[in-house]
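Some notes on the structure that comes next.
The values are calculated or read from the model by the stated rules, or taken from the named source; none is laboratory data. Remember, predicted model here, so these are calculated numbers, not experimental data. Quick reminder, even Gly has a Cβ in these numbers, built from the backbone with ideal geometry, and neighbours come from all protein chains shown. When the accessible area is computed, the model is the full protein with side chains, heavy atoms only, and any ligands, DNA or RNA have been set aside. Shrake-Rupley method; radii C 1.70, N 1.55, O 1.52, S 1.80 Å.
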Amino acid sequence: MRHQIVIIGGGSGGISVASRLKRQLRNADIAIIEPSEKHYYQPYWTLVGAGIVPKEASERSEASVMPTGITWIRNRVQDIDADHNQVMLATGETVDYDYLVVTPGLQIDWDKVQGLKEALGHDGVCSIYDYQQAEKTWEMVRAFKGGHAIFTAPATPIKCGGAPQKIMFLAEETFVTKGVRERSQVSFYTGGGVIFGVKVYADALQKVADRKKLDYRFKHDLKAIHAERKEAVFCRTTDAGIEEVTVSYDLLHVVPPMSAPDFVKRSTVALQDGPLKGWMAVDHSTLQHPTYANVFGLGDVIGTPNAKTGAAIRKQAPTVADNLVAQIKGAALTHTYNGYGSCPLVTGRGKLILAEFNYKNEATPSFPFNQAKERYDMYMLKRHGLPFLYWNLMLKGLA
Ligand code: FAD
């Protein structure tokens, strides 16, 4: 099999970039390799976990988002051989390419927390980082009778860095509504060291945390769950070293460690060293691979210091499409990505802080008002506006 342009992954990045390339290169032979029959609008999973939208609202068939004129290879990439312009499929065939776009998202390492796989979905252990489990999260939050509710975040990069706190804010609000908040402790145990990376939004979130009387524990990375005893074991990093801390829970919302997909990690397109080793190497500005000029990357898989969000992809997709077209034409790569990312921080039903920022963690607000304040209209933007934008404009390469 051979195609001029091969795109690995038909998620947010793959479909957005394919739509743009198809429009810019009408006769191009483009293929997307994507194993899933379903396409998900993952930002809805936070709202699914809070019982605000049904999980089905986040799901459409992959066929319905596949741009016309693109070959869909319903298969899984097993390996990339960038030295020979080839990808190997799970079924053993190879696909040759002239140009490659790598955008398979990231891998959720559920098995890196001992006991998590077995515990998930039972006895108060839940996670919004999965389509089915997001719904179970709401069942558990709704059924919570009081006690210790713990929300975790890992030390690794994750998609939507704000989601672990958003689900905590929404769950805490439910505990208040259900009358169980007074007999509960609500804690956030994070492998990270700060509440949020951008100061203006960190200050705003701190006020929310204070108002809700949330107990924050930094540098606590979840390592194991003893479901039979309802205990969570964290590795706490201090100046003196690492110590184990065991905490009892009644509800445990887990955000597991994440990494680049294994086939990316073991390929030569991955960063070979440094703190982001294993994530895909790209020039931070042009999103072209530093060694393989015919290879580009975007989305959660790339080893760049931006927030891994769909909002980032909205800015990355035009960069990759324009620069890939320039590369084909032998022209200079002029389109640049500045690290834009956005995190709509839902702090309750009808309340949202819209964080927008760049590589330098500078706030880059789109609206002429203080986005660090909780607002109803920004909540409605997340609830209705952004999904509309996603399905009707972004995936079609129009925004
Ligand atoms: P994905 O959209 O995950 O797509 C990757 C695709 O690659 C998938 O279809 C997969 O099947 C395919 N694939 C995987 N492995 C292979 C393989 N071996 N071969 C071929 N194909 C493969 N973003 C926001 O902007 N705002 C938010 O509020 C927000 N909230 C979020 C809340 C949650 C709970 C979650 C989970 C995510 C949230 N995000 C949010 C993040 C956003 O959904 C992701 O950043 C975005 O979907 C990443 O797009 P992607 O194309 O890189 O990966």
Margin query: Regarding region 79-100, can at least one residue be identified that is hydrophobic (A, V, I, L, M, F, W, C) and within 15 Å of Leu252 (Cβ to Cβ)?
Written below: no
Check: Could you say which residue among Gly162, Gly191, Gly197 is surrounded by 20 or more Cβ atoms within 10 Å (Cβ to Cβ) and either under 19 Å from Lys373 (Cα atoms) or aliphatic (A, V, I, L, M) (or both)?
Finding: Gly162
Note to self: Against the conditions (1) within 12 Å of the ligand (Cβ to nearest atom); (2) open to solvent by less than 10 Å² (accessible area, probe 1.4 Å); (3) under 20 Å from Cys343 (Cβ atoms), where does Gly303 fall short? Just the number, please.
What the structure shows: (1)
Notebook entry, point to check: What about Tyr359, is it more than 10 Å from the ligand (Cβ to nearest atom), touching a Lys or Arg at 6+ places or on another chain (Cβ under 7 Å) and within 21 Å of Ile158 (Cα to Cα)?
Noted result: no
Notebook entry, point to check: Only one of Ala149, Ala155 is more than 16 Å from the ligand (Cβ to nearest atom), assigned to a loop (DSSP other than H, G, I, E, B), touching a strand residue (DSSP E or B) at 6+ places or on another chain (Cβ under 9 Å) and at pLDDT 95 or above; which?
Noted result: Ala155
Notebook entry, point to check: Which residues, counting only those in region 269-293, are surrounded by 17 or more Cβ atoms within 10 Å (Cβ to Cβ), closer than 25 Å to Gln78 by Cβ and not hydrophobic (A, V, I, L, M, F, W, C)?
Noted result: Gly278, Gln288, His289, Tyr292
Item checked: Residue satisfying condition, being of a type outside the set (A, V, I, L, M), open to solvent by 60 Å² or more (accessible area, probe 1.4 Å) and within 12 Å of the ligand (Cβ to nearest atom), within set Lys329, Lys315 -> Lys315
Checklist line | Residue check, Lys207 assigned to a helix (DSSP H, G or I), surrounded by fewer than 22 Cβ atoms within 10 Å (Cβ to Cβ) and not small (Gly, Ala, Ser) | finding: yes
Checklist line | Of residues in region 136-146 being assigned to a helix (DSSP H, G or I) and surrounded by fewer than 20 Cβ atoms within 10 Å (Cβ to Cβ), the one nearest to the ligand (Cβ to nearest atom) | finding: Glu139
Item checked: Qualifying residue in region 381-388 (condition: part of a loop (DSSP other than H, G, I, E, B), within 11 Å of the ligand (Cβ to nearest atom) and at pLDDT 95 or above) -> no
Note to self: I'd like the full set of residues that are closer than 14 Å to Val113 by Cα and touching a Cys at 6+ places or on another chain (Cβ under 6 Å), limited to region 199-243.
What the structure shows: Asp221, Lys223
Next item on the list: Note down all Cβ pairs under 6 Å where the first residue falls in region 152-168 and is of a type in the set (A, V, I, L, M), the second is in a loop (DSSP other than H, G, I, E, B) and more than 8 Å from the ligand (Cβ to nearest atom), and they're at least six residues apart or on different chains.
Entry: Ala153/Val255; Ala155/Gly191
Notebook entry, point to check: When only residues in region 20-49 that are closer than 19 Å to Ala399 by Cβ and assigned to a loop (DSSP other than H, G, I, E, B) count, which is least open to solvent (accessible area, probe 1.4 Å)?
Noted result: Tyr41
Checklist line | Options Leu393, Leu398; residue that is of a type outside the set (Phe, Trp, Tyr), modelled with pLDDT of 95 or more and open to solvent by 70 Å² or more (accessible area, probe 1.4 Å) | finding: Leu398
Next item on the list: Taking the residues in region 80-134 that are touching a His at 6+ places or on another chain (Cβ under 7 Å) and within 23 Å of Cys160 (Cα to Cα) as candidates, determine which candidate is nearest to the ligand (Cβ to nearest atom).
Entry: Ser127
Notebook entry, point to check: If you check Ala311, Ala372, Ala332, which single one turns out to be of a type outside the set (Val, Ile, Thr), part of a loop (DSSP other than H, G, I, E, B), modelled with pLDDT of 95 or more and within 22 Å of Leu205 (Cα to Cα)?
Noted result: Ala372
Check: If you go through region 5-18 one residue at a time, how many are open to solvent by 10 Å² or more (accessible area, probe 1.4 Å) and either in a helix (DSSP H, G or I) or outside the structural domain of Asp98 (by TED's automatic domain parsing) (or both)?
Finding: 1
Check: Of all residues in region 332-353 being open to solvent by less than 10 Å² (accessible area, probe 1.4 Å) and either over 25 Å from Tyr99 (Cα atoms) or of a type in the set (Lys, Arg) (or both), which is farthest from the ligand (Cβ to nearest atom)?
Finding: Gly348
Note to self: Just to be sure before I move on: is Lys178 open to solvent by 10 Å² or more (accessible area, probe 1.4 Å), without any contact (Cβ under 8 Å) to a residue 60 or more places away in the chain and in contact with a Gly (Cβ under 6 Å, 6 or more places away or on another chain) in the structure I sent?
What the structure shows: no
